[in-house]
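Student: Input: one structure, supplied below.
The values are calculated or read from the model by the stated rules, or taken from the named source; none is laboratory data. The model shown is predicted, which means the values in this text are computed figures rather than measured ones. No Cβ is skipped: glycine too gets one built from the backbone with ideal geometry, and neighbour counts run over all protein chains shown. In case anyone asks, the SASA skips ligands and DNA or RNA and just uses the protein heavy atoms, side chains included. Shrake-Rupley method; radii C 1.70, N 1.55, O 1.52, S 1.80 Å.
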Amino acid sequence: MSTAKKEYKRITTKTLVDMKSKGEKISMLTAYDYTMAKIVDNAGIDVVLVGDSASNVMAGHETTLPITLNEMIYHASSVVRAITRSLVVVDLPFGTYQSDPKEALRSAIRIMKESGAHAIKMEGGKEIKESIKRTLNAGIPVMGHLGLTPQSIYKFGTYTVRAKEDAEAERLKKDALLLEKTGCFAIVLEKVPAKLAEEVAKSLHIPIIGIGAGGGVDGQVLVTHDMLGMTHEFNPRFLRRYLDMFEGMTGAFHKYIDDVKNGDFPNEKEQY
Ligand code: KIV
């Protein structure tokens with residue numbers, strides 16, 4: 001029996017802050033298309049993230065960098081058409097907000113206007129403060145993202161755990177506080193030590209949603225295709241697989257091939 005909290009008719013940014021204050025954990029998963037979003041929303045997931053991980057999962061790119069604003073809008077509008085309850089947050093893709101706050105606002109407005117999403121997410125701290133401010137001033141809710149920020153993968157050089165050293169941990173804590181003060185309604189914290197993540201979550205009023213950040217935070221996010229076991233080759237320690245869809249789907253495809261080859265499909269009842 002699911003513990004999905006159906007009493008919230010619609011999840012808003014305020015609902016998430018209320019959940020944190022009541023000690024209720026927030027569930028968040030990705031979706032990039034209508035069919036998956038419909039299942040995720042119907043299951044009672046609180047936040048649906050149209051992540052720029054679509055670049056890897058949907059398009060097969062090695063990083064999140066190549067995905068475009070138009071492509072994100074396409075994915076986001078497909079997701080929004082399916083949603084009845086969840087809050088829909090959309091990633092601003094690489095290169096659409098870092099250069100100046102006006103460009104950030106233009107990109108955020110396009111996402112909100114053309115997809116119907118409820119909020120946007122940007123990666124980074126102090127360096128994008130003005131972009132966050134400008135976007136918030138236009139009435140667009142912003143979710144932050146700190147720790148391992150995949151759009152900076154070429155700066156980091158690896159996807160290993162961030163902020164293990166004191167200097168980076170201190171920077172991260174300052175950035176988290178700055179994002180809260182600037183007005184972000186929540187922060188994703190990716191791949192950082194659990195102790196640090198818990199400390200950040202305890203020191204802020206806004207929810208911290210972790211991925212590879214331990215259980216001491218206010219909610220969890222995973223890439224849906226990973227937790228369903230569709231992406232076979234991706235095996236980080238933080239990932240719990242709830243299904244083995246790679247095996248399940250391969251088995252179904254083998255059976256279909258056999259049925260077609262043997263003339264077993266379609267049968268008498270499956271034709272006109
Ligand atoms: O793009 C994405 O899916 C994300 C999550 C991993 C948090 O940013």
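Student: Six or more apart or on different chains, Cβ under 6 Å: which pairs go from a residue in segment 101-117 that's on the phi > 0 side of the Ramachandran plot and free of Cβ contacts under 8 Å to residues at least 60 places away in the same chain to one that's open to solvent by less than 70 Å² (accessible area, probe 1.4 Å) and assigned to a helix (DSSP H, G or I)? Could you list them?
Tutor: Partner pairs satisfying both residue conditions: Gly116/Val80.
Student: Sticking with this structure for a sec: Within segment 49-65, track down each residue that is assigned to a loop (DSSP other than H, G, I, E, B) and within 13 Å of the ligand (Cβ to nearest atom).
Tutor: Gly51, Asp52, Ser53, Met58, Ala59, His61, Thr63, Thr64, Leu65
Student: Can you say whether Glu103 is open to solvent by 60 Å² or more (accessible area, probe 1.4 Å) and acidic (Asp, Glu), as far as the supplied structure shows? Walk me through how you get there before you give the answer.
Tutor: Values: open to solvent by 60 Å² or more (accessible area, probe 1.4 Å): no; acidic (Asp, Glu): yes.
In short, no.
Student: From Thr30, Thr68, Thr96, grab the single residue that is open to solvent by 40 Å² or more (accessible area, probe 1.4 Å) and of a type in the set (Ser, Thr, Tyr).
Tutor: Values: Thr30 fails: open to solvent by 40 Å² or more (accessible area, probe 1.4 Å); Thr96 fails: open to solvent by 40 Å² or more (accessible area, probe 1.4 Å).
Selected residue: Thr68, the only one of Thr30, Thr68, Thr96 that is open to solvent by 40 Å² or more (accessible area, probe 1.4 Å) and of a type in the set (Ser, Thr, Tyr).
Student: Same structure, new question: Working only within segment 195-212, note down all residues that are touching a residue at least 24 places away in the same chain (Cβ under 8 Å) and either of a type in the set (Lys, Arg) or outside any helix (DSSP H, G or I) (or both).
Tutor: Leu204, His205, Ile206, Pro207, Ile208, Ile209, Ile211, Gly212
Student: If Ile211 meets every condition in (1) of a type in the set (A, V, I, L, M); (2) under 24 Å from Leu178 (Cβ atoms); (3) loosely packed, with under 12 Cβ neighbours inside 10 Å apart from one, which number is that one?
Tutor: The one condition Ile211 does not meet is (3).
Student: Still on this structure, please answer the following. Of all residues in segment 39-48 being closer than 14 Å to Val223 by Cβ and in contact (Cβ under 8 Å) with a residue 60 or more places away in the chain, which is farthest from the ligand (Cβ to nearest atom)?
Tutor: Val40
Student: If the requirement is being in contact with a Gly (Cβ under 8 Å, 6 or more places away or on another chain) and within 19 Å of Asp226 (Cα to Cα), which of these qualifies: Thr35, Thr30? Lay out the reasoning, then the answer.
Tutor: Values: Thr35 fails: in contact with a Gly (Cβ under 8 Å, 6 or more places away or on another chain).
Testing whether each residue is in contact with a Gly (Cβ under 8 Å, 6 or more places away or on another chain) and within 19 Å of Asp226 (Cα to Cα) leaves just Thr30.
Student: Mind listing just one residue for me: the one in segment 125-144 that is open to solvent by less than 10 Å² (accessible area, probe 1.4 Å) and of a type outside the set (A, V, I, L, M) and, of those, nearest to the ligand (Cβ to nearest atom)?
Tutor: By that ranking, first place goes to Gly144.
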